[in-house]
Amino acid sequence: MAEFEINGQAAAEVTEAASGTELAEAARCRSNLYGILSLMYSKEPTAELLEMLREPAFAQVLGELGVRLGDDFHTRPDDELLLELAVEYARLFLGPGKHLSPHESVYVGKFSNQEGPGLEGLLCGQATVEVKEAIAGAGFEFLPGYRGIPDHLGVELEFMQLLAGREAEAWQKGDPQAALNCLEQEHHFISNHLARWIPLFCGKVMESARLGFYRETARLTRTFIQSEEENLPALLAGVRGQQKCPA
């Protein structure tokens, strides 16, 4: 990975009825979406990312989620589109002028104000330390060349991608206890980190973005994280229920 290497029905009811293969596929789909979102926030879009987003299967998924990247995204020459997206990425997330820092500490730090304008938190705050510890505690470590800050949104989303991918592998191998451990880590990280700042951050991106690409990316991110926050507890309950049932 770019930053790490390895060191209706209620969700509970669905879990009880689903096979390990089905649960593995669900976790793999979640992992894939986390991975795509991570790429979108980690750096300016690349030609490879555009190609991935334009693949019929993924475009269909985006459409089902109500994501509309616009006709220009599918018809404009790549070089023009990539330049425009790079300029917008820098304006939104890098500066040098006023921009939206994609770091958790800025939104949950000592001086942050989630109700409206006010002093923002500082980079490298307590959240940064907690995210770094969560990554290490899950058995991952940063690649030697990484020089970024651990609570960057791209890093946090990639961490969730890896956890959900590990969960998928556990289901595929028929190891529900390992899958449960992954789900507990996912739920903890969502509750204590992503869900605390993503709604505010994505709302600001949607207000500030000039291109539909980043407005829609932010909307999808916010919707997905809110869905994860709502659904993971029931999924956990279903898996724990299975673990308690006699063989």
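The values are calculated or read from the model by the stated rules, or taken from the named source; none is laboratory data. Predicted model, so just to flag it, every value in this text is computed and none were measured. Cβ placement follows ideal geometry from the backbone for every residue including glycine, while neighbour counts extend to all protein chains displayed.
Within the range 185-242, work out how many residues are assigned to a helix (DSSP H, G or I), among the small types (Gly, Ala, Ser) and under 30 Å from Glu88 (Cβ atoms).
6
For (1) small (Gly, Ala, Ser); (2) modelled with pLDDT under 95; (3) within 14 Å of the chain's Cα centre (by Cα); (4) surrounded by 16 or more Cβ atoms within 10 Å (Cβ to Cβ), each residue gets a yes or a no:
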| residue | (1), (2), (3), (4) |
| --- | --- |
| Leu183 | no, no, no, yes |
| His187 | no, no, yes, yes |
| His193 | no, no, yes, yes |
| Arg210 | no, yes, no, no |
| Gln243 | no, yes, no, no |
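Just wondering, is there one or more residues in the range 37-55 that are of a type outside the set (D, E, K, R), modelled with pLDDT of 90 or more and in a loop (DSSP other than H, G, I, E, B)?
To start, the set of residues in the range 37-55 that are of a type outside the set (D, E, K, R) comprises 37-42, 45-47, 49-50, 52-53.
Remaining after also requiring modelled with pLDDT of 90 or more: 37-42, 45-47, 49-50.
Remaining after also requiring in a loop (DSSP other than H, G, I, E, B): 45-46.
Yes: one or more hits.
Of the residues in the range 61-117, how many are part of a helix (DSSP H, G or I) and modelled with pLDDT under 85?
9
Conditions: (1) more than 17 Å from Leu200 (Cβ to Cβ); (2) modelled with pLDDT of 90 or more; (3) of a type outside the set (Ser, Thr, Tyr); (4) surrounded by 18 or more Cβ atoms within 10 Å (Cβ to Cβ). Ala136 meets all but one. Number of the miss?
(4)
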